[in-house]
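Presented below is the structure to which this report refers.
None of the figures in this text is laboratory data; all of them are computed from the coordinates on show. The shown structure was predicted, so the numbers you read here are calculated from the model rather than taken from an experiment. Virtual Cβ from ideal backbone geometry, glycine too; neighbours counted across all protein chains shown.
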């Protein structure tokens, strides 16, 4: 949806969860000498100003990355993620937040292929400028869902796919399921990472179960994580209670990494006494 700007939500609790997991998956992929491809279907602008009018309007980062910024006792995977955020802020002040393409740019090697898709014209131009000098990179202003089939299988037979639409249109839920099914059909070995919002909507509540069914075609099973930080949405029934990530063919190290981090995130990011997490895995 072209009205959507992620800058309003940059650095919130959902970004913390998503980018923590993205960091650990990319670290794992980089342990082998053979290059890999990352496909980011809804890439956004690459980076966002925390001090800008969009982020300041809702201030969601205040209950997200800001809660971790000065922490000294972070579990190792969270410390790794925060180091990347700090590297994106060379003056040591939290002024900018790195989106998924920036996290990727900080972690990936030159020989690894980065493929990003973003339809919003302004965000596309910002992203294009940010990644202009990175080798083995493509920035396209085409639909990430429709373009995914052309990326799989990748040349090196190693790939990570990040799918995180805004879900402002309910049709995104069906498109996510279709993308995962087609992706696994074309390349069953890929690591597929799907982010979703925890909303008071039937489509949101049912998505994880539908993804589990679709993941039956995977080679190495799935991992599902959800972080709930708020007790209720706003008076109109809008707003996220939390968010989740569904990872197909996850790195075998990811479950333990998240097990170490999630209680900490509940403590730091939870906005009510019942804040909680779900971490479940099915291995093959």
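A straight chain from residue 284 to residue 149 at 0.36 nm per residue would run longer than the Cα-Cα distance by 46.1 nm.
Using 0.36 nm per residue and subtracting the Cα-Cα separation, the extra length available between residue 33 and residue 119 on full extension is 27.7 nm. A full extension of the chain between residue 129 and residue 76 corresponds to an added length of 15.9 nm, given 0.36 nm per residue minus the alpha carbon distance.
Determine which residues of region 94-134 fall in the zone a paramagnetic label at residue 53 would reach in this model, i.e. backbone nitrogen under 20 Å from the point 7 Å along Cα→Cβ. Label zone hits: 95-97, 120-127. Fewest neighbouring Cβ atoms within 10 Å first, the residues 118, 185 line up as 185, 118.
What FRET efficiency would be calculated for the residue pair residue 142, residue 203, taking the C-beta separation as r and a Förster radius of 22 Å, to the nearest 0.05?
On the way: r = 25 Å, r/R0 = 1.13.
Efficiency computed from Cβ-Cβ geometry: 0.35.
In this simple spin-label approximation, residue 182 and residue 213 carry label points 7 Å from Cα along the Cα→Cβ vector, and these lie 2.0 nm apart. The smallest convex shape that holds all Cα atoms of the chain, its convex hull, gives 122 Å³ per residue.
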